[in-house]
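Student: Submitted below is the structure of interest, expressed as structure tokens.
Please treat every number below as a calculation from the coordinates, not as lab data. Here the structure is a predicted model, which means the values were calculated and not measured. In this analysis, Cβ positions are derived from the backbone assuming ideal geometry, glycine residues included, and neighbour counts consider all displayed protein chains.
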């Protein structure tokens, strides 16, 4: 069960996975936006797509979602190193995820970009993952 007493979701299970898989940002994993003036390095994550399919018998349990994960640091090398830790943990992942009951068929890294944000002077690695999972319908 989640904080509100509902069933665990892929969102809460992904959050738990990210917190435990990238120890360098364990206490600093947020849905966007990243808090201004927050401690670095840090990570944000958000779902950017989650199309649902229908079968002849109704909604399909299979969801091919896309999630963007951004890793922020003051240095490019640290942001890149954290991104490599995340890639090693999530790319190709299959099985149960997090403390809930989410079943991941496969997670795949689709894009991996090194970026610099001049207004905040932060380096960011933006990774997009295809996360194929089973949803209770």
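Student: Could you line up 90, 40 from fewest to most neighbouring Cβ atoms inside 10 Å?
Tutor: Ascending number of Cβ neighbours within 10 Å: 40, 90.
Student: Would you mind ranking 97, 34 so that the residue whose beta carbon has the fewest other beta carbons within 10 Å leads the list?
Tutor: 34, 97
Student: Next question, about the same structure. Would you mind getting the Kirkwood hydrodynamic radius of the chain from its Cα pairs, rounded to one decimal in Å?
Tutor: Roughly 15.6 Å, rounded to one decimal.
Student: In nm, give the distance between the simple-model label positions of residue 77 and residue 26, each being 7 Å from the Cα along the Cα-to-Cβ direction.
Tutor: Label-label distance for residue 77 and residue 26, simple model: 2.4 nm.
Student: So what's the angle, to the nearest 10 degrees on a 0 to 90 scale, between helix 10-21 and the longest Cα principal axis of the chain?
Tutor: 40 degrees
Student: Helix 76-90 versus the longest principal axis of the chain: what is the Cα-based angle in degrees, 0 to 90, to the nearest 10?
Tutor: 20 degrees
Student: Next question. Treat the count of other C-beta atoms within 10 Å as a stand-in for reagent exposure and order 101, 128 from fewest to most.
Tutor: The fewest-first ordering by Cβ neighbours comes to 101, 128.
Student: Picking from 95, 58, 27, which is most flexible by a Gaussian network model of the chain using Cα springs under 10 Å?
Tutor: In this elastic network of the chain, the residue with the biggest mean-square fluctuation among 95, 58, 27 is 58.
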